[in-house]
Amino acid sequence: MTAEPQAQIAVRKLSAFFRTTRALKDVNLDALPRNVLAVIGPSGCGKSTFLRCLNRMHELVPGATISGQVLIDGEDIYAREIDPVLLRRRVGMVFQRPNPFPTMSVFENVASGLKLNGIRTRYADQVEKSLKRAALWDEVKDRLGESALSLSGGQQQRLCIARALAVEPEVLLMDEPASALDPIATARIEELIRELRERYTIVIVTHNMQQAARVSDWTAFFYMGELVECGRTEQVFTNPKESRTEDYVTGKFG
Amino acid sequence: MSSAPISKRYIARRAVNLTMTLLCGAAVLIALIPLISVFWLVLSNGIAGLSWSFFTALPTPVGEPGGGVGNGIVGTLYLVGLACLIGLPVGIGTGLFLAERGDGQIGNAVRFVAEVLSGVPSIVIGIVAYGLVVMPMHRFSALAGGVALSLLMIPTLARTTEEMVRLVPRALREAALALGVPQWKTSLRVVLRTALGGIVTAILLAISRAAGETAPLLFTSLNNQYWNLQPDQPTASLTVQIFNYAISPYEDWHRKAWSAALVLLLFVMLTNLVSRFLARNRLQRAR
């Protein structure tokens with residue numbers, strides 16, 4: 001790292017469409033390496049669409065397109081020579097509801113990204129490392145062979161995080177990772193995000209503003225498909241530049 | 001307030017309700033009569049002829065005691081096996097295509113063709129197999145019978161597979177894609193694997209249906225008095241044996257037809273029961 005850290009993710013004039021509907025309008029945004037960027041805003045403001053543009057999951061929806069640029073490590077991920085399949089190994093994703101593979105065991109779930117991608121490695125080592133990073137190892141080390149569905153909701157979500165980490169991404173995208181969990185499981189996930197920040201660049205979409213304030217270094221506020229404001233989390237929450245941001249973070253709407 | 005007319009109307013309503021309920025009950029009873037009588041007739045006429053040798057022995061000529069339908073049972077299993085070999089990959093593959101890529105015009109066309117094909121009478125399917133396999137090979141064969149049965153299996157198998165695959169939550173597909181798994185591998189190793197329980201049920205139902213077909217076998221696999229596991233030779237099957245025994249003028253063969261029918265009925269019921277059991281297990285696990 002140089003003294004002036006380069007943005008790991010640089011978004012330039014990004015617009016996203018569902019057929020003719022414009023879900024994102026000219027978004028410009030930088031995410032620094034090993035920082036947590038929280039994306040907040042009311043429902044339907046384009047937060048999830050923004051996140052899904054960062055690993056090219058957006059284009060999997062029929063009729064979905066984008067314009068503009070997304071640079072990861074300075075490389076345009078929408079360039080013609082970029083294979084979205086390979087890109088998604090560098091940019092991991094965790095979804096709103098825990099979605100472990102129901103036919104696989106705990107172990108197989110974590111190893112699935114490696115096995116399905118034909119990556120030959122010592123699976124056991126990688127599974128243990130990933131589960132430890134996801135703070136789940138101690139709870140599941142004696143039941144690796146059990147069905148992933150036998151875990152609790154919070155454990156399943158950490159399993160999904162371990163599964164994403166096992167393919168060694170640089171960036172981790174999280175789409176409201178705790179919104180389907182109870183408060184204790186949510187606290188564990190938040191603690192985990194603060195630990196993961198040491199190694200990964202994290203972009204997290206959240207409905208919960210306290211959560212954004214607790215876990216993130218930077219906060220971006222989206223409203224009706226536009227990026228209204230992006231800045232240091234303390235500044236966005238305590239001294240926002242835009243009145244719309246202030247209205248939202250103080251609970252006047254949304 | 002006049003309560004008299006209301007109560008009169010109320011009585012009329014109750015009467016109509018009762019009549020309709022009774023009519024529905026009567027309809028159910030009428031529907032059950034053929035089902036129960038089929039089972040009763042086959043069981044009462046066929047049970048006497050069942051013995052160990054009936055399952056294992058070759059048929060005997062008229063007048064000679066003993067003998068069985070062993071070659072027919074083996075032949076039916078063999079024909080169904082051949083049909084599965086051809087029909088399962090094609091049917092399941094088509095279903096997977098329809099579910100994953102079938103939203104466009106090609107998908108609609110394939111779906112339409114499958115629907116038409118599943119409505120084609122089985123004797124017509126037999127003629128098609130005759131033209132496709134028997135005529136070029138100049139002989140009746142197990143292969144021709146297998147092709148005919150596979151043509152019957154493919155459309156229903158494709159539609160059921162499509163439905164089962166569509167039931168797999170989108171979230172699982174996305175989970176795999178987000179791990180950088182290519183689309184085709186996601187379809188085969190995650191989506192298909194998750195839908196497997198339902199597909200196995202569909203396969204068993206298709207097998208039990210194919211095992212009971214006679215018409216498409218009459219001029220494809222024909223019949224055989226002996227054991228045969230050569231794909232290019234005529235082959236016995238339970239259904240064609242039943243047909244031949246039943247239209248014969250001999251009392252002894254009629255009894256054998258009943259017993260063979262009972263064997264077939266039991267096989268079909270067993271496959272249905274197994275598939276129901278699997279389906280129920282799957283539902284309970286999903287809950």
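Any read-out appearing in this document is the output of simple, stated calculations on the displayed coordinates, not a laboratory observation. Fair warning: this is a prediction, and the values are worked out from it, not measured in the lab. For neighbour counting, all protein chains shown are included, and Cβ atoms are generated from backbone atoms with ideal geometry for every residue, glycine included.
Could you give the alpha-carbon Rg of the range A:38-85 over 2.2 N^0.38 Å, rounded to two decimals?
Here the Cα radius of gyration is 1.22 times the empirical estimate.
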Inset, instruction - Arrange the following residues from fewest to most other Cβ atoms within 10 Å of their Cβ: A:Arg122, A:Arg143. - result: A:Arg122, A:Arg143
Legend entry - Estimated inter-spin distance, A:Glu234 and B:Arg170, nm [label 7 Å along Cα→Cβ]: 4.1
Legend entry - Over the range B:1-55: Kirkwood hydrodynamic radius from C-alpha pairwise inverse distances, Å: 15.4
Inset, instruction - Show that you can apply the helix-only estimate: for chain B, add -39,500 (n - 2.57) for every DSSP H stretch of four or more residues, divide by all residues, and state [θ] at 222 nm to the nearest 500. - result: -24500 deg cm²/dmol
Inset, instruction - For the range B:175-232, state which chymotrypsin sites (Phe, Trp or Tyr not before Pro) are in a DSSP loop and have at most 15 other beta carbons lying within 10 Å of their beta carbon. - result: B:Tyr226, B:Trp227
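Rounded to the nearest angstrom and ordered from largest down, what semi-axes does the equivalent ellipsoid of chain A get from its C-alpha gyration tensor (root of 5λ)?
Values: eigenvalues 177, 92, 58 Å².
Semi-axes from the Cα gyration tensor: 30, 21, 17 Å.
Restricting to DSSP H runs of at least four residues, report the calculated mean residue ellipticity at 222 nm for chain A, -39500 (n - 2.57) per run over all residues, nearest 500 deg cm²/dmol. All intermediate terms of the calculation are to be shown ahead of the outcome.
Values: 10 runs with 88 residues, N = 254.
It lands at -9500 deg cm²/dmol.
If you take every DSSP beta bridge whose two residues both sit in the protein assembly as shown, what share of them, in percent to the nearest 5, is antiparallel?
Values: 24 of 41 bridges.
Taking every DSSP beta bridge with both residues in the protein assembly as shown, the antiparallel ones total about 60 percent.
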Inset, instruction - Just name one of A:Phe221, A:Ile161, B:Gly126: the one whose Cα is farthest towards the positive end of the charge dipole of the protein assembly as shown (beta-carbon charges, Lys/Arg +1, Asp/Glu -1). - result: B:Gly126
Inset, instruction - Considering Cα pairs under 8 angstrom that are at least six residues apart, work out the relative contact order of chain A and quote it in whole percent. - result: 27
Inset, instruction - Would you grab the residues whose amide H sits under 5 Å from the one on A:Tyr223? Only those 5+ places off in sequence or on another chain, please, with H modelled 1.01 Å from N. - result: A:Val228
Legend entry - Among B:Asn108, B:Tyr10, B:Gly46 the positive-end extreme of the charge dipole of the range B:1-143 (Cβ point charges): B:Tyr10
Legend entry - Pairwise FRET efficiency - B:Arg255 versus A:Ser150, Cβ, R0 = 56 Å, nearest 0.05: 0.50
Legend entry - chain B, Cα convex hull volume normalised per residue, Å³: 233
